[in-house]
Each structure stands twice: as C-alpha cells, then as structure tokens.
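Please treat every number below as a calculation from the coordinates, not as lab data. From a predicted model like this one, the values you see are computed outputs, not experimental measurements. Heads up, the Cβs are rebuilt from the backbone with ideal geometry, glycines too, and the neighbour counts pull from every protein chain shown.
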Amino acid sequence: MTDQPNLPQKPVALRVVPQPADANVHGDVFGGWIMAQVDIAGSIPASRRANGRVATVAVNSFLFKHPVFVGDLLSFYADIVKTGNTSVTVSVEVWAQRMSLAEEVVKVTEAMLTYVATDRDHRPRVLPSLD
Ligand SMILES: CC(C)(COP(=O)(O)OP(=O)(O)OC[C@H]1O[C@@H](n2cnc3c(N)ncnc32)[C@H](O)[C@@H]1OP(=O)(O)O)[C@@H](O)C(=O)NCCC(=O)NCCS
C-alpha cells in the first residue's frame, strides 16, 4: 500500500496493531514481540526468493529507535539486500502510525536478518536461479 504520504512509498510486507497482551505493565510493547513480527516480515521476501521454506540463521543487527505503544498501526517494509548460495539477507524497517492516526508517523525499528533456504531435512538448499 502506498496511499499514506508519510510512509515509505513502497509495498508493505506486513501491517499489524499490537494489542494489550503484547505490552508490559507500562503499556510499551515488548521488544520480543516486535522481533517476532520483524522475523515474520523478513521471511516473506526471503521465502519468495527461495521459492520455499527458509530458516532464520542470523539477526545481524536490530535497533529499537523509538518505543511502540498498544494501538499503533505498524507497517513493516522488507527488502532483500544480499543473496548468496543458500542465504538471503533482508533489511526490515518498522514504521508506526500512533494510535492508528495518519498524522504522526515514526520509524521505530530497523533490522537486518539472514535467512537460509532449507530442504525437507532442514539442510541448506541452493537458491533457485532467477532465470
Ligand atoms: C540455518 C541452517 C540450516 C544453516 O545450516 P549451516 O550448516 O549452519 O549452514 P552453512 O554454514 O552452510 O551456512 C549457510 C548459509 O548461511 C550463512 N550464514 C551462516 N551463519 C551466518 C551468520 N552468522 N550470519 C550471516 N550468514 C550466516 C552462510 O554464509 C551461508 O550462506 P551462503 O550459502 O549464501 O554463502 C542451520 O544453522 C539451522 O538449522 N539453524 C537453526 C535455524 C532456526 O531454527 N532458526 C530459528 C531459530 S529462532
């Protein structure tokens, strides 16, 4: 979706609104919950590129720039930045619209993750060619 001028003008991988069960007693959303959503968002382009199952092999970097609150509308953008023989490295950015309103838009998180294409026996699998 690219209909929101304050958000990156590229396809969104995932949109989700954190719920009270995802927060600590202060109302801030748990970092671990955000990490799980980032892992899911990053796996989408990785598994498309792998044309099948992938496993997360590494979280190369993860930065929580601003807090996330219950009720924020979170948009996850996931871009492949590198591919190897079996691996796909994905950059993920998370943007929050506070309390689901369009006016305040903040980049809350950025991360870099590496996925490995795997076979049925969970072993690394060479990425399919792009031809
Ligand atoms: C993913 C897995 C199958 C890879 O198996 P492996 O024997 O370690 O594979 P390799 O050493 O051959 O590495 C495979 C690829 O991962 C890359 N890789 C390995 N460790 C890495 C790291 N720390 N950072 C970035 N890339 C890494 C390698 O460079 C290689 O990429 P390439 O083929 O494109 O050159 C295996 O490590 C595994 O099953 N891990 C658990 C996955 C999992 O359960 N994830 C969820 C946990 S929360």
field: Test result for Ala46, closer than 30 Å to Ser129 by Cα, in contact with a His (Cβ under 8 Å, 6 or more places away or on another chain) and not polar (S, T, N, Q)
entry: no
message: Consider the range 60-85. How many of its residues are touching a Ser or Thr at 6+ places or on another chain (Cβ under 8 Å) and closer than 30 Å to Arg123 by Cα?
response: 9
- prompt: Any idea which of (1) more than 13 Å from the ligand (Cβ to nearest atom); (2) under 30 Å from Val25 (Cα atoms) is the one Asn60 doesn't satisfy?
  reply: (1)
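Which residue, of Val68, Val126, Val106, Val116, is farther than 16 Å from Ala41 by Cα and either within 16 Å of the ligand (Cβ to nearest atom) or among the hydroxyl-bearing types (Ser, Thr, Tyr) (or both)?
After applying the criteria, what remains is Val126.
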- prompt: Which condition does Arg123 not pass, out of (1) within 24 Å of Leu73 (Cβ to Cβ); (2) over 14 Å from the mean Cα position of the chain (by Cα), if it passes all the others?
  reply: (1)
- request: Just give me the residues in the range 15-27 being exposed (fewer than 15 other Cβ atoms within 10 Å of the Cβ) and either on the phi < 0 side of the Ramachandran plot or within 12 Å of the ligand (Cβ to nearest atom) (or both), in sequence order.
  value: Arg15, Val17, Gln19, Pro20, Ala21, Asn24, Val25, His26
task: Can you work out which of the residues in the range 82-99 that are more than 14 Å from the ligand (Cβ to nearest atom) and either charged (D, E, K, R) or surrounded by fewer than 11 Cβ atoms within 10 Å (Cβ to Cβ) (or both) is nearest to Asn51 (Cα to Cα)?
output: Glu93
query: Residue check: is Asp131 within 14 Å of the ligand (Cβ to nearest atom) and without any contact (Cβ under 8 Å) to a residue 12 or more places away in the chain?
result: no
